[in-house]
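What follows is a single structure, written as structure tokens, with notes after it.
The values are calculated or read from the model by the stated rules, or taken from the named source; none is laboratory data. Since the structure is predicted, the reported quantities are computational estimates derived from the model, not experimental observations. For neighbour counting, all protein chains shown are included, and Cβ atoms are generated from backbone atoms with ideal geometry for every residue, glycine included.
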Amino acid sequence: MTYPTIDELLNKINNRFLLANVIADRAKAITEGSLPYIEDSDVLNPIETAMNELKMGKIGFKILEAPSKKAEKAAEIKDFWAPREMNLEKEDKKKSKKTKTSSKKK
């Protein structure tokens, strides 16, 4: 088997950096013992095998989106202030109880 051209592979994945990562990840998996998805594969050349698998549509990719930094920061702030707010509420309840008991004594 021969290497597919970069242009053929860029038709499948239109970002060359993403293409390089997909091929590298699959070649690493093959090197670590994963069986190739195509029958006519070169065991000694996992990169060629990964490129041919991609060309034949046997492998794909999925882009995962990270949570936004704004949402993470808001969660951190909420977690930071939540215990303090609970303590303030407890103190307010104690104060209101004290004022009720002191007004009853008079």
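Counted as qualifying within the stretch 1-73 are the helices (runs of 4 or more DSSP H) with 2 or more residues that are touching an Asp or Glu at 6+ places or on another chain (Cβ under 9 Å), namely 16-31, 46-55.
Exactly one residue out of 63, 38, 59, 23 is loosely packed, with under 13 Cβ neighbours inside 10 Å and hydrophobic (A, V, I, L, M, F, W, C), and it is 63. Output the number of the condition that residue 61 fails; it satisfies all remaining conditions of (1) within 17 Å of residue 8 (Cβ to Cβ); (2) among the aromatic types (Phe, Trp, Tyr); (3) at pLDDT below 85. Tallying (1) within 17 Å of residue 8 (Cβ to Cβ); (2) among the aromatic types (Phe, Trp, Tyr); (3) at pLDDT below 85, residue 61 fails exactly one: (3).
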